[in-house]
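Here's the structure we're looking at; comments come further down.
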Amino acid sequence: MYIIFLLALLLGFGIYEIVTIFVILPSKNTIKAINRLTEKKSILQELKEFFVIPVATIISKVIKFSSVSRERMQRNLDRVGIMETPEMYYANAITVSLWIAVSSLFLIPLGLNVMMIATLLLAVVMYFKNIDTVNTKLKDINNAIKQELPRFVRMYNHSRGDNVQFVDIVEKYNKIAGDKFKYDLEMLIMDLKTGNEENALLNFAERVNISQVTNFVNVILGSIKGDDMGVALQLMEGEMKALSRENKRRIMQERPGKVKRATMATGAMLLIMYFFVLGMDLIQNTAFFR
């Protein structure tokens with residue numbers, strides 16, 4: 001009975017993770033804030049702390065990255081608000097899938113072979129889904145930044161002057177910036193106040209890793225060096241407005257595609273299960289007539 005209960009909890013956790021692909025749920029920071037107010041932990045958090053973290057901590061010790069890959073991965077995790085090391089991030093994904101795969105073994109004595117295969121497939125899907133979480137969130141953040149860039153460029157173009165510092169413009173824009181742009185702006189402000197302006201801008205472009213931001217940074221660097229970049233900024237503002245409209249159109253076109261892919265994946269899963277059951281019946285009938 002305990003094994004079935006444990007299996008149900010693990011399967012429920014896996015289904016929850018898949019549902020979050022299509023349903024927007026409160027962010028991790030929001031959940032943390034609510035938990036601090038209520039001083040309670042969710043069931044999923046308790047399950048993760050009990051089943052996932054101890055095993056993941058051991059697995060993380062054998063996961064190795066090159067210094068460059070680790071630095072890039074850590075930067076991406078920080079940008080999306082995942083407070084984990086790259087090693088722990090991958091270890092958590094492996095552990096969740098491992099637990100789901102292990103739970104499928106308890107279905108064999110019960111004769112639930114179809115459920116066992118479905119659970120193993122769920123384990124594979126969960127691994128790739130969890131590994132891709134950071135990329136999915138980064139894509140969402142970068143799309144939001146692209147939408148804001150025309151306004152940011154316009155404010156810079158209108159606010160720049162002989163006695164205006166770039167950090168003042170960034171701080172002013174940060175007050176009206178969207179939530180998904182604030183982290184990168186705050187990091188830029190901190191770098192501008194504590195270090196070299198050119199290095200701060202280059203780090204900003206590298207961290208965000210969007211070609212439009214890189215072009216904008218190059219224009220700012222040219223302006224700081226004394227070049228007349230007024231025409232370049234006006235042209236860039238127009239290009240970014242066109243890009244913003246194109247991004248909105250592309251996002252609208254992608255939404256039906258996601259539903260279509262999800263439907264196709266569900267249909268494929270049902271088809272595999274159908275043919276498996278059909279094959280088992282044929283084998284059993286053949287054995288009976290012999």
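Observations on the structure shown:
- Entirely in segment 185-290, the helices (runs of 4 or more DSSP H) that have 2 or more residues that are at pLDDT below 65 and under 24 Å from the mean Cα position of the chain (by Cα): 230-289
- Residue match in segment 149-158 (condition: among the charged types (D, E, K, R) and either in contact with a Cys (Cβ under 9 Å, 6 or more places away or on another chain) or buried (at least 19 other Cβ atoms within 10 Å of the Cβ) (or both)): no
- Put simply, of Y156, Y183 the only residue that is in contact (Cβ under 8 Å) with a residue 60 or more places away in the chain and either of a type in the set (A, V, I, L, M, F, W, C) or farther than 19 Å from E239 by Cβ (or both) is Y183.
The values are calculated or read from the model by the stated rules, or taken from the named source; none is laboratory data. Just so you know, these numbers come straight off a predicted model, no measurement behind them. FYI the Cβ positions are ideal-geometry reconstructions off the backbone, even for glycines, and counts take in every protein chain you see.
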